[in-house]
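Asks: My structure is below; once you've seen it, I'll send some questions.
The values are calculated or read from the model by the stated rules, or taken from the named source; none is laboratory data. As the structure is a prediction and not an experimental result, all values here were calculated from the model. Keep in mind that these areas ignore ligands, DNA and RNA; they rest on the heavy atoms of the full protein, side chains included. Shrake-Rupley method; radii C 1.70, N 1.55, O 1.52, S 1.80 Å.
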Amino acid sequence: MKGLLLAALILGVSIVGLSIGSTVPVVALRLYQAGASNVQIGVMSALPAAGIMLSAFLVGWICQRLSRRHIYLGCFSLSALSIAAVEVLASTLYGLAL
């Protein structure tokens with residue numbers, strides 16, 4: 001059982017790492033093409049890591065209060081909302097940061 005849990009953990013971390021590793025350079029290049037300053041590109045590139053660190057404080061609290069089904073549905077809903085928000089708010093730098 002511990003081997004299966006370890007494999008699932010490694011797979012989850014790998015997926016997150018690959019997705020962030022592939023999206024951060026694309027966002028940086030699009031910001032550069034849009035004429036953003038180096039500071040703005042740096043801050044926008046650091047936001048995914050800051051979000052992961054901030055969410056680490058919430059994971060324990062969320063896992064104690066919600067079931068697995070609710071957590072899954074919440075993550076799916078937040079992901080769909082964030083993708084929709086990028087389509088609507090990507091025209092401004094603050095909208096993209098949100």
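Asks: Roll a 1.4 Å probe over the protein chains and send me the accessible area per residue for the range 16-55 in Å².
Replies: Working: 2810 Å² over 40 residues.
For the range 16-55, the per-residue accessible area is 70 Å².
Asks: Once the piece of chain linking residue 92 and residue 71 is laid out straight, how much longer is it, given 0.36 nm per residue of separation minus the C-alpha distance between them?
Replies: 4.5 nm
Asks: Roughly what percent of Cα-Cα pairs across the range 27-98 reach past 20 Å? Numbers along the way, then the final one.
Replies: Details: 1109 of 2556 pairs.
That fraction is 43 percent.
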